[in-house]
Amino acid sequence: MLSTMMRARHVMLTMGLMVSFLGNAGASPITVTVQDSRPVARAIEELETRYGWRTTYEDPPYSHYSDITDVTNTDWPGTTVQSPSQLQSLQGNKRTLVPKGGSLSFTLPSADPDELGAVQALVKSYNASRGGNIFAVVQGVGLLHVVPRQMMGPSGTLEPVEPILDTVITIKPRERTAYALIEEICKKISIATNTKVDMGTVPTNMLIQTKTSIGGSGKSARSILEQLIVETGTRLSLSWELFYGVYDKEYALNISWVAPVN
Amino acid sequence: MRYSGAYVAVLVAAVTFSLTTLERTARASEAKPAAGSMMGANTILRPPANFSGTLTFNINRYGKRTLLQAWTEYLLPPACTQVSMGEWKPPAANIVTKYCDKNTTSPTMKCGKVTFGTITGKLGNGDCPDTTFTFAAIYYKWEAHNNQSVNASAPPNTVTDTFNARWTTPDKLFREAFTFNINVPVVRPDHETTAFASWPPAVAPRGTWTQTLVPPSSDPTFDFSGECVQEFNPGGPTICTLRATCPDKCWFPATTHPAFLKISGGTWAVGNFDNYTCVFDNTKSAGTNIWGYDYVGRAGGNVTYYRAQSPTLKNTGSCGTTFGQRMEIHAPSDPAGSFTPYGNTNTGNINTLGASETLTTVTSIRAGVPMTETWP
């Protein structure tokens, strides 16, 4: 353990979240460990911070009690839900319920990995820990996307998931702000799926200040969002995370600015 | 760079000419005509007959005109008589100086004004020390109360005017050509004031704010319109992991809405509303030194979510977040990407921004000033 700690290149430890990079400097593989309510999203954020990559993330829905924890009175990891009836009771009492998450450990192919290889290693490791194919890596036009493929259903078995950002929508091309475009995308998904998708935490001024004429007919919401991200390029260096709310069963589309890595 | 000594011109840089070629006016050629500049007027010693040079002056803005050069034609000692004071060309009104105008497509405002005159004095080269001559003088006065002149080669924190003029004599023996670079100090805002503007429905429930840049008291009519201001993150946490230490008190662990902890890095053209390109647009006039809008607040879905989910809001009836914003300004005369902070606490450097909500109201905070409305 001591030698392991001595080999740590970067360690961040808090009560609710842990991230560590373990490995020798140079060409040897690096092991990344995170502990979080959304460990895959957290691992992607770590790779963004470390390498400046922009990889998007979409939550699967969380519906099985074993995937849920109560953080009403505590920080994460909170109080784990023990049964379907307890989950029903907690929901009735308007408790603050969030994904239970856990630990994720994966090894980067090298100290200087390529983005696809690193994200695939991350997803592969998570899927193995869950005994399924919860997430998949999709290569877009200019970004990598980590999308949900399976979720733990109410019965406790893995069920297929149709990623909500695969929803086919039509956005009339016209000049608008990037803010208005994202709002329109959220609205169109919500109407098409009857599941509310809201704009979450976004860089407001940056999006209001960016004009775009992007649109499209019969395209996936993801591809239109990706078009915006690619169009704004490195000037804005944006990425997104789509998080699912356990309590309200709604999605929040969070847009973030990825800082360049020197 | 500090400029001191009112209206005193300081010859600082390049005086590029050759004293060795075309030295037609050697001291040995007595009783022959020579050209000489006045003592104390940025004297150039014994230039060739067809001198061509660049003179750079760092001067103060406004006030009295600055004497740049004064020349005369005289007979070398022992004659020491004036032949002609010559003349400056082209006429002062026709000299092409730079524009200092935020309207770059149809500019009308010049940076300064060139004038000619006569002045008496001694020769600066030491000839005829007992003789007073009349010199043809060229003057410059900076007039524009702005930083609009663009010059990629200007020294840092200066604004530059440039023009050409030549001094010639009627006997055509002398033709001295000058390029004058006139540097004045760039002026920065002393601070900014902020005022609430509105709650625009398109981005509800965010508040919009307008700001006014306040010039230094020494130059109260200064116009920063056409310059660019940008917000910068002065630091602070970028991620929350524990409630107790998270500045966003609405946030809770594993929320679907990450904590609202920082500004997004917006830019605005001063003098315009809703122009985020840093290029002044005459159709979006906001008034002198006014810029906006700065949108401050959470998205509507964010507020709704926290009203339903935030333990803090449930327990205390309200929750909110604050973070810093450092404003910096870029003048057209500045190098690309160069910004300079202005103001003090809540007048630019550093402003407190934030947002808070109760079950029925939302509050937008800029420069420490809260504005609350009932929403929705």
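Report, as an integer, the average count of C-beta atoms from other chains found within 10 Å of each Cβ along B:257-266. Please list the in-between numbers first.
Working: counts 10, 9, 1, 4, 1, 2, 4, 12, 6, 7.
The per-residue average across the peptide is 6.
May I ask for the percentage of alpha-carbon pairs in region A:70-227 that lie more than 18 Å from each other? List each step's numbers first, then the result.
On the way: 8878 of 12403 pairs.
For region A:70-227, the fraction of Cα-Cα distances above 18 Å is 72 percent.
Across peptide A:74-81, how many C-beta atoms of other chains are within 10 Å of each residue C-beta, on average? Could you put the intermediate results ahead of the total?
Values: counts 4, 10, 7, 2, 3, 0, 0, 0.
Mean shielding count: 3.
Under a crude label model (7 Å from the Cα following the beta-carbon direction), how far is A:Thr193 from B:Ala93 in nanometres?
With each label point 7 Å from Cα toward Cβ, the separation is 7.3 nm.
Among B:Ser106, B:Ser285, B:Ser318, whose mean-square fluctuation peaks in a Gaussian network model of chain B (Cα, cutoff 10 Å)?
Among B:Ser106, B:Ser285, B:Ser318, the largest GNM mean-square fluctuation belongs to B:Ser106.
Report, in cubic angstrom per residue, the convex hull volume of the C-alpha atoms of region B:191-374. Walk me through the numbers on the way to the answer.
Details: hull volume 22.0 nm³, N = 184.
About 120 Å³ per residue, rounded to a whole number.
Using +1 on the beta carbon of Lys and Arg, -1 on that of Asp and Glu, and nothing else charged, what's the dipole of chain A about the Cα centre, debye to 20? Please list the in-between numbers first.
On the way: 23 positive and 24 negative charges, 34 e Å.
It comes to approximately 160 debye.
Which residue, chosen from A:Thr201, A:Ala252, A:Ser213, occupies the Cα position most advanced towards the positive end of the dipole of region A:165-262, where the dipole is computed from +1 (Lys, Arg) and -1 (Asp, Glu) charges on Cβ about the Cα centre?
Of the listed residues, the answer is A:Ser213.
In whole Å, largest first, what are the principal axis extents of the Cα atoms in region A:55-132?
If we take the Cα atoms of region A:55-132, the spans are 48, 25, 19 Å.
How many Lys pairs in region B:65-147 lie less than 22 angstrom apart by Cα atoms, where the lysines are 8 or more positions apart or on different chains?
12
For B:Lys249, go through the aspartates and glutamates and keep the ones whose alpha-carbon is under 15 Å away, minus same-chain ones fewer than eight residues off.
The reachable aspartates and glutamates, counting only those whose Cα sits under 15 Å from B:Lys249, are A:Asp75, B:Glu357.
Can you tell which of B:Ser225, B:Gly354, B:Cys80 lies farthest toward the positive end of the dipole of chain B, using +1 and -1 charges on the Cβ of basic and acidic side chains (Lys, Arg; Asp, Glu)?
The residue sitting farthest along the positive end of the dipole is B:Gly354.
Rounded to the nearest Å, what's the spacing between the alpha carbon centres of region A:201-262 and region B:302-367? Just the number, please.
Each part's Cα centre sits 21 Å from the other's.
Sequence neighbours fewer than 8 away in the same chain don't count; with that in mind, list the lysines whose C-alpha is under 21 Å from A:Lys196.
The reachable lysines, counting only those whose Cα sits under 21 Å from A:Lys196, are A:Lys94, A:Lys172, A:Lys187, A:Lys188, A:Lys219, A:Lys249.
With N set to the residue count of the protein assembly as shown, report its C-alpha Rg divided by 2.2 N^0.38 Å to two decimal places. Display every interim value, and only then the final one.
Values: Rg = 33.9 Å, N = 638, 2.2 N^0.38 = 25.6 Å.
Here the Cα radius of gyration is 1.32 times the empirical estimate.
Expressed as a whole percent, how much of the Cα-Cα distance distribution for region B:10-185 exceeds 22 Å? List each step's numbers first, then the result.
Values: 6845 of 15400 pairs.
Here the tail beyond 22 Å accounts for 44 percent of pairs.
I'd like the orientation of helix B:300-309 relative to chain B: the angle between its Cα long axis and the longest Cα principal axis, in ° from 0 to 90, rounded to 10.
Roughly 40 degrees between the two axes.
Under unit Cβ charges (Lys, Arg +1; Asp, Glu -1), what dipole magnitude, rounded to 20 debye, does region B:191-374 have relative to its Cα centre?
On the way: 10 positive and 13 negative charges, 193 e Å.
Rounded to the nearest 20 debye, it is 920 debye.
Checking the a/c ratio against 1.5 first, then a/b against b/c, what shape does the Cα gyration tensor give for region A:165-262?
Values: a/c = 1.85, a/b = 1.21, b/c = 1.53.
Cα axes put region A:165-262 in the oblate bin.
Mind listing P(r) for chain B? All alpha-carbon pairs, 20 Å bins, whole percents.
25, 37, 22, 12, 4, 0
I'd like the distance between the alpha-carbon centres of region B:269-285 and region B:31-50, rounded to an integer number of Å.
For region B:269-285 versus region B:31-50, the Cα centre distance is 50 Å.
Mean separation of Cα pairs under 8 Å and 6+ residues apart, divided by the residue count of chain B: what relative contact order is that in percent? List each step's numbers first, then the result.
On the way: 975 pairs, mean separation 51.3, N = 376.
It comes to 14 percent, rounded to a whole number.
Taking the Cα centre of region B:10-185 as the origin and placing charges on Cβ (Lys, Arg +1; Asp, Glu -1), which of B:Asn58, B:Phe135, B:Cys111 is farthest toward the positive end of the dipole?
It is B:Cys111.
Expressed as a rounded percentage, what relative contact order does region B:191-374 have, with Cα pairs under 8 Å and six or more residues apart? The partial results should precede the final answer.
Working: 437 pairs, mean separation 44.3, N = 184.
Rounded, it is 24 percent for region B:191-374.
Treating only the Cβ of Lys, Arg, Asp and Glu as charged (+1, +1, -1, -1), what charge dipole size does the protein assembly as shown show about its Cα centre? Round to the nearest 20 debye.
On the way: 52 positive and 49 negative charges, 87 e Å.
With only Lys, Arg, Asp and Glu charged at Cβ, the dipole is about 420 debye.
Considering Cα pairs under 8 angstrom that are at least six residues apart, work out the relative contact order of region A:96-214 and quote it in whole percent.
Relative CO of region A:96-214 lands at 15 percent.
Any read-out appearing in this document is the output of simple, stated calculations on the displayed coordinates, not a laboratory observation. Since the model is a prediction, treat every value here as computed from it, not as a measurement. Counting neighbours? That spans all protein chains shown, and the Cβs are built from the backbone with ideal geometry, glycine included.
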